[in-house]
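Report on the following structure.
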Amino acid sequence: PGPASALPPEETEPLAEKEGQSILAQIQGKYAYFRPTIQVELEHEDPKTTREIFIRGWRLEEKMLGVLAKCLPALANLQAIRLWKVGLTDLTLLSLISILPTCPNLKVLSLEGNPLPERSFYKLIGEECVLAHVSLRNNDIDDEAAALIGQALSSLRSSNKTLVSINLSYNHITDVGAASLANGLRLNRSLLSLSLSHNRIGDEGAMKLAEILAPFPLTHTEVVERRRLLLEKECQERCRMPPRHSDAKPDRPSSHLSSTMLEKLQPAKAGKVTAKKKDPAKKEEKGAGEGG
């Protein structure tokens, strides 16, 4: 018999318990990251100085979003919200989008591991977007969702002007989706970083994206639409301007000559006066000559 079997049963039970506890502790330590957690980063001890909120593995329902809608606007220093596998739906995403404008300094939003069946992520990056950095990794984004995101980045009539970077890695985008994103970048002038790693993009999609990175001519439709938008903007600015002073001319007193104009006119008048004074002298000389 081995040494373990030689021990009495009373001593083997505590050893088994200790081994079981150590194994359980190892498992808990290994998977601690996946436990539902809310992490908050503060500048000082004051909770109102919260800079970042990270919610992980905690299902966000409408009640929880209602609580966030009341709490987040009071956090003037809040800059980032990260939601990892919180079970977002298309409806709860709309509730989250309605909260974002109430956070004045919020610039970063990470929604990773939250696939949406109705592909509503494009609503995050419309014209009214206040975000600068968006991460949509591992959300099962396909070509149809990529096309909606491309249209939100820019179209003939609108374009996003605040987004600086967007992360679409670890999704299911193919060459078709890459072409849609490339079209969305044609008229976008704010985006600086687009991550598409670990997708299904081949050479054709890569070529479409590379063409946008180089100088390219606008199509006839784009030129016409651009001119129309510029004219509309000019008309709107004219309508906002106050009425010109020419409309109120009858109510104004007659204008006075400036001092510089008076100085210019005075020498000319003096010259005319002296010329007139010389004329009688010339006449007297002529009369005396004729009399002599």
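Here LEU96 does not qualify as within 19 Å of GLU112 (Cα to Cα), open to solvent by 50 Å² or more (accessible area, probe 1.4 Å), outside any strand (DSSP E or B) and at pLDDT 90 or above. Flag not set for GLU285, criterion: open to solvent by 70 Å² or more (accessible area, probe 1.4 Å), at pLDDT 70 or above, assigned to a helix (DSSP H, G or I) and not small (Gly, Ala, Ser).
Just one of the listed residues (ASN105, ASN139, ASN167, ASN160) is under 26 Å from ALA69 (Cβ atoms) and touching a Pro at 6+ places or on another chain (Cβ under 7 Å), and it is ASN139.
Looking across the range 117-130, the residues that are of a type in the set (A, V, I, L, M, F, W, C) and modelled with pLDDT under 95 come down to LEU124, ILE125, CYS129, VAL130.
The values are calculated or read from the model by the stated rules, or taken from the named source; none is laboratory data. All figures in this text were calculated on a predicted structure; none of them were measured in a lab. Note that we place each Cβ from the backbone using ideal geometry, even for glycine, and neighbour counts take in every protein chain shown. Accessible surface areas use protein heavy atoms only, side chains included; no ligands, DNA or RNA. Shrake-Rupley method; radii C 1.70, N 1.55, O 1.52, S 1.80 Å.
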